[in-house]
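K.L.:
Sharing a structure below in structure tokens format, with a few things to ask.
The values are calculated or read from the model by the stated rules, or taken from the named source; none is laboratory data. Quantities reported herein were computed from a predicted structural model and do not represent experimental measurements. As a convention, Cβ positions derive from the backbone with ideal geometry for all residues, glycine included, and neighbour counts pool all protein chains shown. Side chains are part of the model used for accessible areas, which takes the heavy atoms of the whole protein and leaves out ligands, DNA and RNA. Shrake-Rupley method; radii C 1.70, N 1.55, O 1.52, S 1.80 Å.
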Amino acid sequence: MGKLIGITKTKVAVFISGNGSNLKNLIKHSLKKDSQFIIKLVISSNSKAKGLQYARKFKIKKKSINYNNILNAEKHINDELIKNYIDLICLAGFMKILTKNFIKKFKGKIINIHPSLLPKYKGLNTHQKVLENKEKFSGCTVHFVNSKLDAGKIILQKKVPILKNDNPEKLAKRILKQEHLLYPKALKKIIARL
Ligand code: GAR
């Protein structure tokens with residue numbers, strides 16, 4: 001935890017790979033007066049990730065990680081996390097799978113947002129699969145990360161109804177809106193217990 005003008009704020013690192021709309025939203029929440037967290041570091045698995053612009057704009061330290069060799073990549077990430085006294089890692093559209101060793105090292109300190117109602121529809125192409133299966137609902141889930149893909153303890157979930165003329169893009173967009181409400185709520189919930 002970092003002391004900030006008498007208030008203890010949780011130091012967060014956000015991991016991204018692409019657009020970074022969740023990152024942008026978390027930054028917005030972190031800047032609120034009563035926020036309990038501060039984003040100290042942005043890690044990107046992709047040097048061209050659009051989301052890096054938000055780190056630039058809000059003057060947050062950012063690192064693009066070369067993922068040619070996963071062990072070197074994670075060593076680099078680990079060093080940055082330690083250097084910046086990070087308390088909590090938020091995966092936000094981070095499309096790399098962390099190794100068991102890395103997850104073990106930061107046990108209970110990594111959370112992820114996934115665009116489905118877990119445990120249903122783990123992995124990729126969730127919206128397409130949900131529509132193919134003619135589900136009535138989908139949604140999003142914030143959960144702790146453990147060594148199994150999208151399987152850690154659920155922190156919060158939000159249901160989103162499927163509409164008649166939905167396609168994967170439309171559904172993704174509506175779910176993303178809910179993600180932006182859910183992730184800050186989930187952070188608030190777990191920070192109280194860290
Ligand atoms: C979000 O919908 C997030 O839930 C999903 O990627 C999108 C990233 O959007 N994550 C996964 O699919 C992880 N398995 P963003 O870059 O605009 O935040």
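K.L.:
Which ones in the stretch 31-46 are within 15 Å of the ligand (Cβ to nearest atom) and either assigned to a loop (DSSP other than H, G, I, E, B) or open to solvent by 10 Å² or more (accessible area, probe 1.4 Å) (or both)?
P.N.:
Of the residues in the stretch 31-46, the ones within 15 Å of the ligand (Cβ to nearest atom) are 39, 42-46.
Passing the criteria: I39, S45, N46.
K.L.:
Is there a residue being within 16 Å of the ligand (Cβ to nearest atom) and without any contact (Cβ under 8 Å) to a residue 12 or more places away in the chain anywhere in the stretch 8-22? Walk me through how you get there before you give the answer.
P.N.:
Our first condition is that a residue be within 16 Å of the ligand (Cβ to nearest atom); within the stretch 8-22, this holds for 12-22.
Cutting the leftovers down to without any contact (Cβ under 8 Å) to a residue 12 or more places away in the chain gives us none.
No, because not a single residue in the stretch 8-22 is within 16 Å of the ligand (Cβ to nearest atom) and without any contact (Cβ under 8 Å) to a residue 12 or more places away in the chain.
K.L.:
For the structure I just gave you, tell me whether I27 is assigned to a strand (DSSP E or B), open to solvent by less than 20 Å² (accessible area, probe 1.4 Å) and within 16 Å of the ligand (Cβ to nearest atom). Spell out the reasoning first.
P.N.:
Working: assigned to a strand (DSSP E or B): no; open to solvent by less than 20 Å² (accessible area, probe 1.4 Å): yes; within 16 Å of the ligand (Cβ to nearest atom): yes.
So I27 fails the test.
K.L.:
Considering each residue of the stretch 94-137, count those that are in a strand (DSSP E or B) and under 28 Å from V12 (Cα atoms), and give that number.
P.N.:
So the count comes out to 5.
K.L.:
Is there a residue in the stretch 149-157 that is open to solvent by 60 Å² or more (accessible area, probe 1.4 Å) and modelled with pLDDT under 95? Write out each step before concluding.
P.N.:
The initial filter retains those residues of the stretch 149-157 that are open to solvent by 60 Å² or more (accessible area, probe 1.4 Å), namely 149, 153-154, 157.
With modelled with pLDDT under 95 added as a condition, the list becomes 149.
Scanning the stretch 149-157 turns up at least one residue that is open to solvent by 60 Å² or more (accessible area, probe 1.4 Å) and modelled with pLDDT under 95.
K.L.:
Follow-up question, since we're still on this one. Out of the stretch 97-119, which residues are open to solvent by 30 Å² or more (accessible area, probe 1.4 Å) and touching a helix residue (DSSP H, G or I) at 6+ places or on another chain (Cβ under 8 Å)?
P.N.:
To start, the set of residues in the stretch 97-119 that are open to solvent by 30 Å² or more (accessible area, probe 1.4 Å) comprises 97, 99-101, 104-105, 107-109, 115, 117, 119.
Selection gives T99, N101, K105, P115.
K.L.:
Scanning the stretch 63-93 for residues that are part of a strand (DSSP E or B) and within 18 Å of T10 (Cα to Cα), which turns out nearest to the ligand (Cβ to nearest atom)?
P.N.:
L91
K.L.:
If you scan the stretch 47-62, which residues turn out to be open to solvent by less than 40 Å² (accessible area, probe 1.4 Å) and assigned to a helix (DSSP H, G or I)? Working first, answer last.
P.N.:
Narrowing the stretch 47-62 to residues open to solvent by less than 40 Å² (accessible area, probe 1.4 Å): 49, 51-52, 54-55, 60.
The answer is L52, Y54, A55.
K.L.:
Next question, about the same structure. Could you please find all residues in the stretch 63-95 being open to solvent by 80 Å² or more (accessible area, probe 1.4 Å) and in contact with a helix residue (DSSP H, G or I) (Cβ under 8 Å, 6 or more places away or on another chain)? I'd like the intermediate steps shown before the answer.
P.N.:
Pass one, the stretch 63-95, residues open to solvent by 80 Å² or more (accessible area, probe 1.4 Å): 66, 68, 71-72, 75, 82-83, 85, 95.
Residue satisfying the conditions is N66 alone.
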